[in-house]
Amino acid sequence: MRVKATEENIKLAGKIIKEGGLVAFPTETVYGLGANALNPYAVAKIFEVKKRPTFDPLIVHISKIEWLEKLTTQVDEKALKLIEKFWPGPLTLVLPKSNIVPDIVTAGLPTVAIRMPSHNVALALIENAETPISAPSANPFGYISPTTADHVERMLGDKIDLILDGGKCPIGIESTVLSLIDEEPKILRPGGLPVEEIEKIIGKVKIQPSSEKILSPGQLKKHYSPKTPVRIFKSLDELSEINETENVGILLFKKNELKIKAKHIEVLSENGDLIEAAANLFSALHRLDDSGVSVIYAQAVTETGLGLAIMDRLRKASAPAEN
Ligand code: TXA
Ligand code: MG
């Protein structure tokens, strides 16, 4: 059932979470599929509904800082500085886990990923549930993340107890995942908080390339992917080399005159603003995927600020299937 995120419905949603059910809810990044993070049976349902492999750990969402102490065994100086500056917000920190975090949440890892979302509905839901909420993006595993309640309803509507509709997610791309486990902080997934902002606070961080060895399945080479094949292009000239344009979809970073006639064109930001482009990326990919085109050509963006996260998602969407 999909309902508006009114106070009353958020209360109901909190009760569902408490009783071990699943609720999809808006955050500032994307919609999450939430369950009581301390109830392994409830969390198991997330994996089932998403068809997500259980080796892929979940992010635990909290509404107040007191939970951090309970969920972790160590929060160092760097973590504290980042929390002070960026929470609530699109930054997920990977820290050593405490015993109360069930293994299914962390896929058996000794670490736990935690974030405090900056979205009133998400925060109120966690408060009402009186427990941390583990929530991946509310989409089938590997598919494009949802940035509206409508996306969630179409992908998972019949499989979950409630969808809280809180409108469009303002950031539109998942949180940045930063591991503080080793001496050197490591970005496991670029996201809604630009790396440059993090480096201003704690100095140089390493960016972990997507690899075969999966530390964080956001690092899988193929992910965030429409069903339609995606190809990345750099200059508009490359488009004029396409022979059959009838059934082609094009994802443009900014408004441009095109010499070819495509079936479906999406423009992420009229003036080429990376923040606006990130906010529109997944919606545009959903529309392109639904438009019936046989291939999507996506324009590359510069990899600064949110451009790093946008290119990460486009590369993963365009990677060949691994099996
Ligand atoms: O913005 C977001 O982060 C959204 C909203 C709903 O909060 N959530 C989200 O969750 O994107 P999900 O499950 O789609 O992605 C979580 C990422 C995955 O790449 C996962 O592998 C990584 O975080 N992760 C979770 N726990 C981890 C851990 N202990 N160590 C390393 N990576 C971890
Ligand atoms: Mg996801």
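Every read-out reported here was derived from the displayed coordinates using simple, explicitly stated rules and does not represent laboratory data. It should be emphasised that the depicted structure is a prediction, and the values quoted were computed from it without experimental measurement. Because the Cβ atoms are built from the backbone with ideal geometry, glycine has one as well, and the counts that use them run over all protein chains shown.
Brief remarks follow.
- Per DSSP, loop chymotrypsin sites (Phe, Trp or Tyr not before Pro) in region 33-122 with at most 16 further Cβ within 10 Å: 55
- Which listed pairs, of 4/255; 168/222; 81/186, have C-alpha distances above 22 Å, in listed order: 4/255; 168/222
- Loop-located GluC sites (Glu not before Pro) across region 225-297 with a Cβ neighbour count of 13 or fewer within 10 Å are 244, 246, 257, 270, with loop assigned by DSSP.
- Net lengthening on full extension, residue 234/residue 154 (0.36 nm per residue, minus Cα-Cα): 25.6 nm
- FRET efficiency for the pair residue 130 and residue 107, taken as 1/(1 + (r/R0)^6) with r the Cβ-Cβ distance and R0 = 25 Å, rounds to 0.50.
- Partners of residue 206 within straight-line reach, counting aspartates and glutamates whose Cα lies under 20 Å from its Cα and excluding those fewer than 8 residues away in the same chain: 76, 77, 174, 182, 183, 184, 196, 197, 303, 312.
- Annotation: aspartates and glutamates with alpha-carbon distance below 12 angstrom to residue 259 (same-chain offsets under eight excluded): 237, 238, 241.
- Taking 19 Å as the cut-off, the amide N atoms of region 30-46 that come nearer than this to a point 7 Å along the Cα-to-beta-carbon line of residue 3 belong to 32-36.
- Each Lys or Arg adds one and each Asp or Glu subtracts one; over the other residues with Cβ under 12 Å from the Cβ of residue 50, this totals +2.
- Span-like helix ranges in the chain, DSSP H, alpha carbon extent 15 angstrom or more, Kyte mean at least 1.6: none
- Cβ-Cβ FRET estimate between residue 70 and residue 200, R0 fixed at 25 Å, reported to 0.05: 0.25
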